[in-house]
Amino acid sequence: MVQQGQIDHLLQESGEIQPPAAVAEQVYLKDFDAEYRRSIEDPEEFWAQVASELHWFKPWSQVFQWDYPNFQWFLDATCNITYNCLDRHLTDGRKNKAAFIWLGEDGTERVFTYGRLAQMVNRFANGLKSLGVSKGDRVVIYMPLTPEGAIAMLACARIGAIHSVVYAGFSVGSLRDRIQDAQAKVLITADAGYRRGNKVDLKGISDEAVAGLDLVEHIVVWRREADKPSLGPKEVDFDQLMSENSVHCEAEVMSSEDPLYILYTSGTTGRPKGVVHVHGGYMVGIYYHFKTFWDVKDDDVFWCTSDIGWVVGHSYIVYAPLIAGATTVFREGAIDYPHPGVFYEVIEKQGVNVIFTAPTVLRMLMRYGESYPQQYDLTSLRFLTCAGEPLNPEALRWANEYLCGSGKWGYIVDNYWQTETGGPCLGTTASMAGRPGRVGKPLPGVVMDIVDREGQTIEEPDKGGLLVIRRPFPHFYRTVYGDPDRYAQDWGTIPDCYLTGDVALRDADGYYMVVGRADDVLNVAGHRIGSAEVESALVSHPAVAEAAVIGKPHDITGESIKGFVTLRVGNEPSEEMVAALKAHVRHELGPIAVPSELEFMQTLPKTRSGKIMRRLLKANELGLDPGDITTLEE
């Protein structure tokens, strides 16, 4: 009998993918096991050593204090994350090194050195000061994925203001709710953003969102269009605000535990959750993982395909790469626009060495076929990393063959984390053998476990349960803004640990497999099956590009499985295809996991960060309220 909370494991993946010798031999983190043991046996000494590589105005008196569920890192220390992002590189030989390479959908390219970026951040920080923004004030940023958006974030942090970035394109109601929840006194926005060649009217959305909100004292507008919109009485021009102010602005001295930003995550019900990250611990943790997990070298070009509206963009477009002194590429717009080869074109043209992307991107590229990557020189790509959704074994193998040259030059790995964790928790490092279907092992500093609903560890290999974190690390979130009870609930649902909301299993060697959200577990005739396993079985069929499955009520089995499938280019829906896919799942997983229904779709509903919205599929199928769908990609 399966324990309550356990998941049946059906997807029998075997074999390993070894990192190419050229990758493994030059990794920063050569002895993963020793590093992990050191981080767990003496976490305070471990994180203190990492922190000592960064600049602090005043050192800490104590490394860590935990008054469950609340905790602090680097007590009494003072710092400013932007000093580590900018100032220290002006004297360490990186002043004229490219910090940002920004690309537009229309082919525009802009390069910002560390010296130029520091000047622009200081100008805009002084501009915010001139509007009365000071330490502790909240500023909402509603900007497209452009250097100006990153500059706005850094300028807020520079003066100790707390920024809250809202993804550009969120609805009027979503933006208004976040402004009100944060009690923001300033909104920074733009006239337009671009996606697939279409203009998104950010100014119009902003105007509606702030209508009647007296708490908003100023709106700063970046007017990028040739036909510039007129400005209202509260509105200030972004470029003018920058040009009128000095290139010198001292970084505000911040306590290590002072808030850096609020980032709202949308839930299935209720109002969004304002996750709070702080200057000190967040800075230390994301820097460490950028250096040791992403393994970015000083002369590398790093490309993160996320957006500043998500935690990935906060941590690995803006903050961690700058702390490490790296060169980062980011690009506004869709990854397959204006043509399906643009992803590869960027790698070749920019000489990209390390990429952080989502499995959704790989499945989309797989759908377009192999002819596109074969047209480009991808040999600069050393390390390809994914997070955001479970990485299907088939997508991993496809990317390994066509993007990484079957290991001739590159290596693809998975990693797992959340907005709340600020950085990765599980992963396969550049020196570690990869196992298709497995995300990897807990990374240094992270203590994870799989438990039943009573909090008891599930020891048996390949028996799934609830994924939890046993101990906070420096870059873990500190609270839910304005709602400490909601934060305490995350630590209290399962005794003495943080509940991630995901289900997972681990093998005898400690490799974890995340099989989906707890709400997405299928219960068929007493068998609890992770949705990711059925989806991976479908995607492993050569005709399938993407798949999502849901459970539907069934009188006999409790639930039946319905699958939603998008086909690769060159394949068409048919009854024969339905039969072939069902037979394939039966072969891969057994009869219990065969979908009773299959529906073919041109595209699956996804969030703008690339996660498939299974609950929307289920709500549409069953006539239910889908909950918060503000993150839905249109």
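A few remarks follow.
- Label-point gap, in nm, between LEU75 and ALA211 - each point 7 angstrom along Cα→Cβ: 5.1 nm
- Each 5 Å bin from zero up to the one holding the largest Cα-Cα distance in region 45-149 carries the following percent of pairs: 2, 9, 14, 16, 16, 16, 14, 8, 3, 1, 0.
- The angle between the Cα long axis of helix 393-402 and the main principal axis of the chain comes to about 70°, on a 0 to 90 degree scale.
- Helix content alone sets the calculated 222 nm mean residue ellipticity of the chain: runs of n ≥ 4 DSSP H residues at -39500 (n - 2.57) each, divided across all residues, give -8000 deg cm²/dmol.
- Exposure proxy order (Cβ contacts within 10 Å, fewest to most) of VAL549, VAL354, VAL276: VAL276, VAL354, VAL549
- Checking the Cα-Cα distances for LYS463/LYS618; LYS408/LYS463; LYS95/LYS185; LYS185/LYS297; LYS185/LYS618 against a 30 Å cut-off, the pairs over it are LYS408/LYS463; LYS95/LYS185; LYS185/LYS297; LYS185/LYS618.
- Distance-filtered residues of region 372-395 - backbone nitrogen under 20 Å, label point 7 angstrom along LYS297 Cα→Cβ: 377-385
- Net charge over other residues, Cβ less than 10 angstrom from the Cβ of TYR114 (K, R count +1; D, E count -1): +3
- Point-charge dipole on Cβ atoms (K/R +1, D/E -1) for region 521-622, about Cα centre, debye to 20: 480 debye
- Degrees, to the nearest 10: 172-182 long Cα axis against longest axis of the chain: 60 degrees
- Cα long-axis angle, helix 279-292 against the chain (0 to 90 degrees, to the nearest 10): 50 degrees
- Phi angles of region 511-522 translate, via the Karplus equation with coefficients 6.51, -1.76, 1.60 and θ = phi - 60°, into HN-Hα couplings of 7, 9, 10, 8, 9, x, 6, 4, 6, 9, 5, 8 Hz per residue; Gly and Pro are given as x.
- Nearest-0.05 FRET efficiency for GLU345 and TYR68, computed from C-beta distance (R0 56 Å): 0.65
- Modelled spin labels at HIS248 and ASP377, positioned 7 Å past Cα toward Cβ, are 4.6 nm from each other.
- Region 351-379 and region 399-471 have their alpha-carbon centroids 22 Å apart.
- Amide H contacts under 5 Å for GLY501: LEU467, restricted to partners 5 or more places along the chain or on a different chain, H placed in the peptide plane at 1.01 Å from N.
- The charge dipole of the chain, taken about the Cα centre with unit charges on the Cβ atoms of Lys, Arg (+1) and Asp, Glu (-1), comes to about 980 debye, rounded to the nearest 20.
- Cα centroid of region 103-178 to Cα centroid of region 292-328, whole Å: 17 Å
- Neighbours of HIS277 by Cβ distance under 12 Å: Lys/Arg scored +1, Asp/Glu scored -1, total -2.
- The local environment of GLU44, defined by Cβ-Cβ distances under 14 Å, has a net charge of -1 under the rule Lys, Arg +1 and Asp, Glu -1.
- Net length available on complete extension from LYS58 to GLU44 is 3.3 nm, with 0.36 nm assigned per residue and the Cα-Cα distance removed.
- Gyration tensor (alpha-carbon) shape descriptor, region 490-620, a/c threshold 1.5: prolate
- Candidate lysines - alpha carbon under 22 Å from LYS228, same-chain residues fewer than 8 apart omitted: LYS199, LYS203
- Selection among LEU624, LEU396, LEU154 by position relative to the dipole of the chain gives LEU154 as farthest towards the positive end (Cβ unit charges, Cα centre).
- One chain, two ends: ARG453 and ASP519. Fully extended at 0.36 nm per residue, the span grows by 22.4 nm beyond their Cα-Cα distance.
- The HN-Hα couplings worked out from phi for region 340-352 by the Karplus form 6.51 cos²θ - 1.76 cosθ + 1.60 (θ = phi - 60°) are x, x, 5, 4, 6, 4, 5, 4, 5, 5, 8, x, 5 Hz, whole numbers, x standing for Gly and Pro.
- Fraction of beta bridges assigned by DSSP in the chain that are antiparallel (%, nearest 5): 60 percent
- In this structure the amide hydrogen of VAL139, modeled in the peptide plane, comes within under 5 Å of the amide hydrogens of ILE162, HIS163, SER164, none closer than 5 places in sequence on its chain.
- For region 418-428, 3J(HN,Hα) per residue [Karplus equation, 6.51 cos²θ - 1.76 cosθ + 1.60, θ = phi - 60°, Hz, x = Gly/Pro]: 9, 3, 5, 8, x, x, x, 10, 10, x, 10
- Computed from label points 7 Å out along Cα-Cβ, the spacing between LYS228 and ALA334 is 3.2 nm.
- Residue exposure sequence - TRP56, TRP310, TRP66 - by fewest surrounding Cβ within 10 Å: TRP66, TRP56, TRP310
- Stretchable slack from VAL569 to THR91, in nm (0.36 nm times residue separation minus alpha-carbon distance): 166.9 nm
- Three-way shape label, region 83-252, alpha-carbon gyration tensor, a/c 1.5: oblate
Every number here is computed from the coordinates shown, using simple stated rules; none is lab data. Worth saying up front: this structure is predicted, and the values here are computed from it rather than measured. FYI the Cβ positions are ideal-geometry reconstructions off the backbone, even for glycines, and counts take in every protein chain you see.
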